[in-house]
Structure formats: C-alpha cells, structure tokens
Amino acid sequence: MTRLSAPFRTLVTALTTLTALLTVTTAPATAQAAVHDPKAPGDFVALRSVAPTVLEEIRYFTPHNFVGERIDGYRQPLCILTRPAAEALAQAQTALLRQGYSLKVYDCYRPQRAVDHFVRWAEDLDDQRMKAEFYPDVDKSRLFADGYIAEKSGHSRGSTVDLTLVPLPARPTRPYHPGEPLAPCTAPQEERFPDNSADMGTGYDCFDTLSHTLDPRVQGAQRAHRLLLKDTLEKLGFVNLAEEWWHFTYKPEAYPDTYFDFPVSARSLTGRR
C-alpha cells in the first residue's frame with residue numbers, strides 16, 4: 001500500500017469525520033421522525049388483511065389526482081379503515097363477486113396532514129396543472145364555496161371510503177405519466193383517462209355536478225352501476241354522500257368526532273396498544 005503524506009492523511013481524516021457526522025445527523029433524524037409519528041388505534045386495520053380480494057388503487061399515493069403530486073401523509077399505497085368498516089366491505093365484496101364485479105378502493109383513511117395539503121393547494125389559484133381532468137368546468141376560486149375542498153374530511157375519522165366497481169376479470173390500468181395530455185373527467189368513458197372500473201358516468205374525484213350519485217343526466221348502464229354500488233353498500237350499513245357517487249361512510253362511526261393524523265403506512269398499525 002502506498003504511504004500517504006501527512007497533509008493528505010489529515011484531509012482524508014477530516015472528510016471521513018464529516019461524512020460520519022452527516023450520516024449521524026440525517027439518517028437518525030428520518031428514523032426519529034417515523035418513531036414519533038402517531039399510531040392508529042388498535043381497531044384500525046389494513047383492508048387487505050380482512051378483504052384481500054378487494055382491489056386497491058390508492059390515488060393520493062400517486063401524482064394522478066387533482067393536486068398532481070403525491071399527497072402528504074401517504075407513505076404507502078395502503079387502504080386503512082376501522083375494523084367494522086373493513087368487515088362490511090368484505091361482505092360487500094362477497095356479494096359483488098357473485099355478480100361478476102370486484103370492489104376497487106381509491107382512498108380510505110386520510111390523515112389530517114393530507115387534508116391540509118388539499119387546502120394549501122386550493123388556496124394557490126395559480127396551480128391549475130390538473131384542471132383539465134378533475135375540474136374542467138369549475139373555477140378554482142369556487143372550490144371551497146362549492147364544497148369540493150374543506151378543512152376537515154370524514155375520511156380522517158377512519159370509516160369513510162372512496163371506491164368503485166370493476167368488471168371481472170379485471171384489466172390492468174396503465175400508470176399516469178405526469179405532463180401527459182389530460183381529458184375531462186366528464187367526457188365519455190372511452191375519452192377519459194383509462195381506468196378498469198365500470199362506467200360510472202364520470203371519473204373518480206370529478207369536481208362536477210355530474211358526479212352527484214342520482215344526477216338525472218346519468219342513465220343506462222352508468223346509472224345501473226352507480227345503483228348497484230350504492231344498494232350493495234347501503235344494505236351493509238354504509239351511507240352515500242349524495243354529491244359523490246364514490247364516497248361512502250360506514251355507520252355508526254367508531255370515531256365520529258376524531259380526526260386522526262397518523263400516516264398511511266403499515267408502520268402506523270404496528271406496535272400499538
């Protein structure tokens with residue numbers, strides 16, 4: 001081995017020390033943040049542990065949503081719900097499989113930090129990157145007044161889910177590529193972003209009155225699909241939000257007055273009391 005000069009040995013030692021200090025100050029900080037994240041109560045579960053055949057396409061883990069980027073608090077593409085809501089979805093899935101459909105969830109428990117992210121985005125009127133798909137006919141300045149964005153969400157209480165029907169056998173859905181051309185969520189199904197769900201009359205998270213579950217303009221197979229989803233879930237204790245065909249809350253809620261902020265990740269469900 002070649003012998004190093006004294007000045008060079010001093011430089012190498014200094015660099016090694018600096019690298020060690022950076023490692024100590026950055027890596028543990030990330031781990032420490034995860035350790036101190038709030039945990040889910042013991043009666044929250046991963047849906048896949050209760051209803052493993054339900055499809056999951058957690059949109060807020062991806063940039064394919066009305067904000068156009070992954071939403072704060074979504075660390076894994078995971079559906080988390082209170083156990084009663086998850087068990088009711090398992091029953092709904094059993095009933096729908098017999099009819100040639102599967103449920104697919106787009107969003108389940110949503111941390112408060114994600115809702116805060118929505119609010120910040122809605123207040124930034126210059127950010128219109130996803131308007132062409134998700135709110136083509138709504139001025140962004142109207143999102144609060146029209147009820148599309150709010151400072152609190154029932155999703156944060158753990159018993160609300162956004163979902164759809166998928167005809168079986170389920171086809172794969174291609175990923176969204178940021179920057180690709182967008183099509184209105186109100187367009188005919190063959191013109192919208194491809195989704196393996198049944199035709200529900202609009203895309204998911206479509207900020208438009210056409211998304212109202214019983215909008216009279218939605219007829220034929222589209223209306224039949226909405227009613228099949230609604231009727232199946234309502235028989236098992238879910239209540240539909242009339243303005244969104246995809247939005248259902250299991251009643252009675254386990255936490256009707258609590259808005260949780262633990263991250264969407266498997267870690268939130270481990271090490272709990």
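A few notes on this one:
- Where residue 173 falls short, out of the listed (1) hydroxyl-bearing (Ser, Thr, Tyr); (2) modelled with pLDDT of 95 or more; (3) under 24 Å from residue 76 (Cα atoms): (2)
- When segment 185-221 is filtered for residues that are within 22 Å of residue 130 (Cβ to Cβ) and of a type in the set (Asp, Glu), the ones remaining, listed by number, are 190, 191, 195, 199, 205, 208.
- Scanning segment 89-118 for residues that are touching an Asp or Glu at 6+ places or on another chain (Cβ under 6 Å) and not basic (Lys, Arg) returns 105, 106, 107, 111, 112, 114, 117.
- Of the set (1) farther than 29 Å from residue 129 by Cβ; (2) out of contact with any helix residue (DSSP H, G or I) (no Cβ under 9 Å at 6 or more places or on another chain); (3) touching a residue at least 40 places away in the same chain (Cβ under 8 Å), all apply to residue 231 but (3).
- Within segment 153-209, the set of residues being assigned to a helix (DSSP H, G or I) and under 17 Å from the mean Cα position of the chain (by Cα) comprises 154, 155, 156, 157.
- Inside segment 210-222, residues that are outside any loop (DSSP other than H, G, I, E, B), without any contact (Cβ under 8 Å) to a residue 24 or more places away in the chain and polar (S, T, N, Q) make up a count of 1.
- Pairs, first farther than 24 Å from residue 56 by Cα in segment 250-273, second among the hydrophobic types (A, V, I, L, M, F, W, C) and surrounded by 15 or more Cβ atoms within 10 Å (Cβ to Cβ), C-beta under 7 Å, six or more apart: 272/40
- Checking each residue in segment 223-240 for being buried (at least 16 other Cβ atoms within 10 Å of the Cβ), assigned to a loop (DSSP other than H, G, I, E, B) and not small (Gly, Ala, Ser) picks out only 236.
- The residues on offer are 266, 254, and the sole one that is on the phi < 0 side of the Ramachandran plot and loosely packed, with under 15 Cβ neighbours inside 10 Å is 266.
Matching residues to (1) surrounded by 19 or more Cβ atoms within 10 Å (Cβ to Cβ); (2) in the same structural domain as residue 263 (by TED's automatic domain parsing); (3) in contact with a His (Cβ under 7 Å, 6 or more places away or on another chain):
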residue: 132; (1), (2), (3): no, yes, no
residue: 135; (1), (2), (3): yes, yes, no
residue: 148; (1), (2), (3): yes, yes, no
residue: 157; (1), (2), (3): yes, yes, no
residue: 174; (1), (2), (3): no, yes, no
residue: 198; (1), (2), (3): yes, yes, yes
residue: 204; (1), (2), (3): yes, yes, no
residue: 210; (1), (2), (3): no, yes, no
residue: 214; (1), (2), (3): no, yes, no
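The values are calculated or read from the model by the stated rules, or taken from the named source; none is laboratory data. The structure displayed is predicted, hence computed values, not measured ones. Note that we place each Cβ from the backbone using ideal geometry, even for glycine, and neighbour counts take in every protein chain shown.
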